[in-house]
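Below you'll find the structure, written out as structure tokens, and then a few comments.
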Amino acid sequence: MKQARGNVFLAGVGGQGALLASEVLGEAFLIGGYDVKKSEVHGMAQRGGAVTTHLRYGPKVFSPLIEPGSADLLVAFEKMEALRFAHFLKPAGAAVVNAQEIMPPSVATGRERYPENIAERLAGVTPNLYLIDALAAALSLREVRAVNMVMVGAASHLLPLPEDCYLKALRGRLPERIVEVNTKAFRAGRALMAPRGAGR
Amino acid sequence: MSIPARENVELLSGNEAIARGAFEAGVKVASAYPGTPSTEILENFARYPDVYAEWAPNEKVAVEVAQGASMAGVRALAVMKHVGVNVAADPIFTASYTGVRGGFVIVTADDPELHSSQNEQDNRHYAVAAKIPMLEPSDSWEAKEFTRHAFALSETYDTPVFLRSTTRISHAKGAVRLGEVSESSIAPGFVRDPAKWVMLPDNARRRHVIVEERMRALAAFAEEFEGNRIEWGDRGLGVITAGVSYQYVREVFPDASVLKLGMIHPLPSRLIREFAAGVSRLVVVEELDPHIETHVKALGVSVQGKEIIPIVGELSPGIVRKGISGEGIPVRPFEILPGRPPNLCPGCPHRGLFFVLNKCKVTVAGDIGCYTLAALPPLKGMDTCVCMGASLGNAFGIEKALGKAALGKVAAVIGDSTFLHSGITPLIDIVYNRGFTTVIILDNRTTAMTGAQENPATGRTLMGKATRRLDLAALCRAVGVDHVYTVNPHDMAQTEAVLKRELFREEPSVIITEAPCVLLPDHRKEKRPVYEVIPDLCTGCMACSKLGCPAIEWVPFTPEEAVAAAKAPSQKGMARINPLLCDGCNQCPPLCKFRAILEKKD
């Protein structure tokens, strides 16, 4: 799926750093010489709500929004959120999904159950499903907040930019003191994807 | 294939681009009240050198400050969300008459789809009603360029200028080329000119004539403005559009002819006629109201608009495609899943208060802020929410309608920043007109909903300077409230005792709940305990779940699982505290009759 234009849909839960991840990805594409547009909604969505970002790159990008059915890549920071936004994917699109489960209020208070068989249901949506444990990777670096850069690293494996673009973007966007751990997180994310032979 | 990296090009949000444009235009004074989706404009502008930027208590003040700076001959900016223009409308309508000296631009950031607002009003109507020109960029690149244009226009035509953004412009990022700073040619200094600045009826009458002449001149300018342009393509379909809708049209109909409007008031009638004459099918694609469509129809030109493009909500490429061609791309049905509505943060001090209010079974007139989220289950602690400051007036109106029957049954709930924005005058009304409405001010020491901005009660300014911290209790006493009490909302027993007493007081009273927002850096740095549920002690009674805290999770049991966990087979599950989310607020432990919630030992 590495190509000259593409649509990347990012989905997560407020507080997971999905917006910062999309910043780094967007910046990386600009550094890589692409036109980029990126859209998200701030405000109410910050408070534990679903957070989504539309990221589009190409020689020239018009719409800042991705149409449902036209995303090349879905990057989901939480398992159920992957399923919620799976309809944005193209039939041949790929999904990088963090296996972490975050209970929404209705589940946390026992009024509903967290949906079952999500992995199977996602596999029915796309043949290119990459289910990874980004939380474990971040925790092994002793930095739970680095889940987002693990996801960027994993997603990068399916995107057309050289690694340097992401690292430059990351250095440009993050405070100096957390660049190192986030660089490690990025590489850990890439490493999670490598054995799967993805991105050819 | 990719295009080469470009010099001085950055990826900026529309808001960052507007801030940059104001800086490049030489703006010296900027004032705003935070409001989604406009907030980041002033936050970014404040970081540029040699500028003054401030949070005003409300949008009316912001406009008046910016207008004053313009009177004194410097370029000035006022920024607000769409509903903020309602608050500021009074000075804006007369600023149209006075005109400007230094360029004066008012940014209105509209919120089609109500991502974070109480309505989705279309502020293009304000441009028409106030007779003020309005520019509307369609991406970050134009957001910066149009901001610069707006200041030049303002000085050339002696008028305030509206710059209209929408959520998808303000919060979308795109490439922007940074430019040089260009100063205004106007010399700073207030020049006495009563005929222009003193709007006594006789002066204002003469200014109105000037306003009408100005709008005619601007209508002529609109025909030549480079931001209004025809992109000829296939003549079979011609689309008139503006703002982000232009991008959707270009995306889904790359071959169509497009009349792209950058100035949406006044509209270029000659250009519209020329375009209409050159295409066989003419469509207007615009979000919300038929502003352009109405103008086109008034020219006697036949056009399709709101019969095929929705009037409600924001547009998208798919909606535009479907509206014009009737076709869509294949999309799999989306899954029905448990929702993830926004929620109060773990450890939020508001949760304690609303839990108590819920228990007291009072009618709660609410307001605009994070605490509006307490209206959602399981707290369901709010019964009304209209606009900034409405809670006090609404509660007092309920009191007056019901008389004595309202005693002990009605409260108004309002945040610190919202109270200072427009809660003071209705508090005066309650005192002046001998009410007994209980007012609760939720003082979390920040303007939380919009991302933690300073306000007069925080003791710091937008530019990071320490300042006098407004004393909320003293202010309430000064307007005549004799009963002002401060409580810690995390201590629900104390909060409940004070609330029950004040609700039944036959005089006005104010309760200030004081505890910092959990998002504030000082609070985040603090080391606090994390709580845990001792599984052996939890009976699954769900008392703690009623807080609706995201850190408290419910682990459901089947009868077999219950038995395996050494519980009665009838126990449906048990509570668990997510240690990654727990903020250590200590609200839940006292709710557990079985003392199953304890501090977690490392």
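The values are calculated or read from the model by the stated rules, or taken from the named source; none is laboratory data. Keep in mind it's a predicted model, so treat the numbers as computed, not measured. Because the Cβ atoms are built from the backbone with ideal geometry, glycine has one as well, and the counts that use them run over all protein chains shown.
Restricting the search to the stretch A:175-194, which residues are aliphatic (A, V, I, L, M) and touching a Phe, Trp or Tyr at 6+ places or on another chain (Cβ under 7 Å)?
Here is the first cut: in the stretch A:175-194, the ones aliphatic (A, V, I, L, M) are A:178-179, A:181, A:185, A:188, A:191-194.
Matches in the stretch A:175-194: A:M193 only.
Okay, residues lined up against (1) without any contact (Cβ under 8 Å) to a residue 12 or more places away in the chain; (2) in a helix (DSSP H, G or I):
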| site | (1), (2) |
| --- | --- |
| B:A89 | no, yes |
| B:I106 | no, no |
| B:N119 | no, no |
| B:F151 | no, yes |
| B:T156 | yes, yes |
| B:F162 | no, no |
May I ask you to verify whether B:A217 is surrounded by fewer than 17 Cβ atoms within 10 Å (Cβ to Cβ), part of a helix (DSSP H, G or I), in contact (Cβ under 8 Å) with a residue 12 or more places away in the chain and under 34 Å from the mean Cα position of the chain (by Cα)?
yes
Would you mind telling me which numbered condition in (1) surrounded by fewer than 24 Cβ atoms within 10 Å (Cβ to Cβ); (2) at the interface with chain B (Cβ under 10 Å from one of its Cβ atoms); (3) without any contact (Cβ under 8 Å) to a residue 60 or more places away in the chain; (4) polar (S, T, N, Q) A:S70 fails?
(3)
Taking first residues from the stretch B:401-414 that are within 25 Å of B:D443 (Cα to Cα) and second residues anywhere that are at pLDDT 95 or above and small (G, A, S), the pairs with Cβ under 6 Å that are 6 or more apart or on different chains are B:V410/B:A395; B:A412/B:A365; B:A412/B:S391; B:A412/B:A395; B:V413/B:G366; B:V413/B:S391; B:I414/B:S391; B:I414/B:G423
Does the stretch B:483-498 hold any residues that are in contact (Cβ under 8 Å) with a residue 24 or more places away in the chain and touching a strand residue (DSSP E or B) at 6+ places or on another chain (Cβ under 8 Å), and which are they?
B:H483, B:V484, B:Y485, B:T486, B:V487, B:N488, B:P489, B:T495
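Determine, yes or no, whether B:I534 is away from chain A (no Cβ under 14 Å), more than 16 Å from B:C345 (Cα to Cα) and under 39 Å from the mean Cα position of the chain (by Cα). Don't jump to the end; show me each part of the working.
Details: away from chain A (no Cβ under 14 Å): yes; more than 16 Å from B:C345 (Cα to Cα): yes; under 39 Å from the mean Cα position of the chain (by Cα): no.
Criteria not met by B:I534.
Those residues that are part of a loop (DSSP other than H, G, I, E, B), free of Cβ contacts under 8 Å to residues at least 60 places away in the same chain and out of contact with any strand residue (DSSP E or B) (no Cβ under 7 Å at 6 or more places or on another chain), I need them from the stretch B:354-375; list them, please. It would help to see each step written out before you state the result.
If we filter the stretch B:354-375 for residues that are part of a loop (DSSP other than H, G, I, E, B), which is where we start, we get B:361-362, B:366-369.
Next cut, free of Cβ contacts under 8 Å to residues at least 60 places away in the same chain only: B:361, B:366-367.
If the condition is that a residue be part of a loop (DSSP other than H, G, I, E, B), free of Cβ contacts under 8 Å to residues at least 60 places away in the same chain and out of contact with any strand residue (DSSP E or B) (no Cβ under 7 Å at 6 or more places or on another chain), then B:K361 is the only one that fits.
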Of all residues making up the stretch B:174-203, the number that are surrounded by 12 or more Cβ atoms within 10 Å (Cβ to Cβ), among the basic types (K, R) and more than 14 Å from every other protein chain (Cβ to nearest Cβ):
1
Could you say which residue among A:A76, A:A94 is small (G, A, S) and under 21 Å from A:G17 (Cβ atoms)?
A:A76
Please tell me if B:A53 is in contact (Cβ under 8 Å) with a residue 60 or more places away in the chain, closer than 15 Å to B:R148 by Cβ, touching a Phe, Trp or Tyr at 6+ places or on another chain (Cβ under 7 Å) and not acidic (D, E).
no
Picking from A:R142, A:R121, which residue would you name as being at the interface with chain B (Cβ under 10 Å from one of its Cβ atoms) and of a type in the set (D, E, K, R)?
A:R121
Quick check on the stretch B:309-347: of everything there that is among the aliphatic types (A, V, I, L, M), surrounded by fewer than 19 Cβ atoms within 10 Å (Cβ to Cβ) and within 7 Å of chain A (Cβ to nearest Cβ), which residue is farthest from B:L520 (Cα to Cα)?
B:I329
Which of the following residues is more than 14 Å from every other protein chain (Cβ to nearest Cβ) and assigned to a loop (DSSP other than H, G, I, E, B): B:K527, B:K500?
B:K527
Considering residues of the stretch B:43-98 that are β-branched (V, I, T) and more than 22 Å from the chain's Cα centre (by Cα) only, the residue surrounded by the fewest Cβ atoms within 10 Å (Cβ to Cβ)
B:T94
Selected residue [assigned to a helix (DSSP H, G or I), more than 10 Å from chain B (Cβ to nearest Cβ), β-branched (V, I, T) and in contact with a strand residue (DSSP E or B) (Cβ under 9 Å, 6 or more places away or on another chain)] from A:V152, A:V107
A:V152
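Can you name the residue in the stretch B:220-241 that is assigned to a strand (DSSP E or B) and within 14 Å of chain A (Cβ to nearest Cβ) and, of all such residues, is nearest to B:F93 (Cα to Cα)?
As a first pass, look at the stretch B:220-241 and keep what is assigned to a strand (DSSP E or B): B:229-231, B:234-241.
Then keep just the ones that are within 14 Å of chain A (Cβ to nearest Cβ); that gives B:231, B:239, B:241.
On the way: B:E231: 35, B:V239: 32, B:T241: 27 Å.
Of everything passing the filter in the stretch B:220-241, B:T241 is nearest to B:F93 (Cα to Cα).
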So which of B:V510, B:V518 is of a type in the set (A, V, I, L, M, F, W, C), closer than 30 Å to B:I428 by Cα and either modelled with pLDDT of 95 or more or assigned to a loop (DSSP other than H, G, I, E, B) (or both)?
B:V510
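Residues checked against (1) under 25 Å from the mean Cα position of the chain (by Cα); (2) under 22 Å from B:E120 (Cβ atoms):
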{"position": "B:G243", "(1), (2)": "yes, yes"}
{"position": "B:P254", "(1), (2)": "no, no"}
{"position": "B:V258", "(1), (2)": "no, no"}
{"position": "B:I264", "(1), (2)": "yes, yes"}
{"position": "B:E286", "(1), (2)": "yes, yes"}
{"position": "B:I309", "(1), (2)": "no, yes"}
{"position": "B:G318", "(1), (2)": "no, yes"}
Out of the residues in the stretch B:543-602 meeting the condition of being within 12 Å of chain A (Cβ to nearest Cβ) and part of a helix (DSSP H, G or I), tell me which one is surrounded by the fewest Cβ atoms within 10 Å (Cβ to Cβ).
B:K546
Filter the stretch A:118-148 down to the residues that are within 23 Å of A:L89 (Cβ to Cβ), touching a residue at least 60 places away in the same chain (Cβ under 8 Å) and in a helix (DSSP H, G or I) and list them by number.
A:V147, A:N148
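Among A:A82, A:A99, which is the only one that is more than 30 Å from B:G35 (Cβ to Cβ) and either out of contact with any Asp or Glu (no Cβ under 6 Å at 6 or more places or on another chain) or at the interface with chain B (Cβ under 8 Å from one of its Cβ atoms) (or both)?
Details: A:A99 fails: either out of contact with any Asp or Glu (no Cβ under 6 Å at 6 or more places or on another chain) or at the interface with chain B (Cβ under 8 Å from one of its Cβ atoms) (or both).
On inspection, the qualifying residue turns out to be A:A82.
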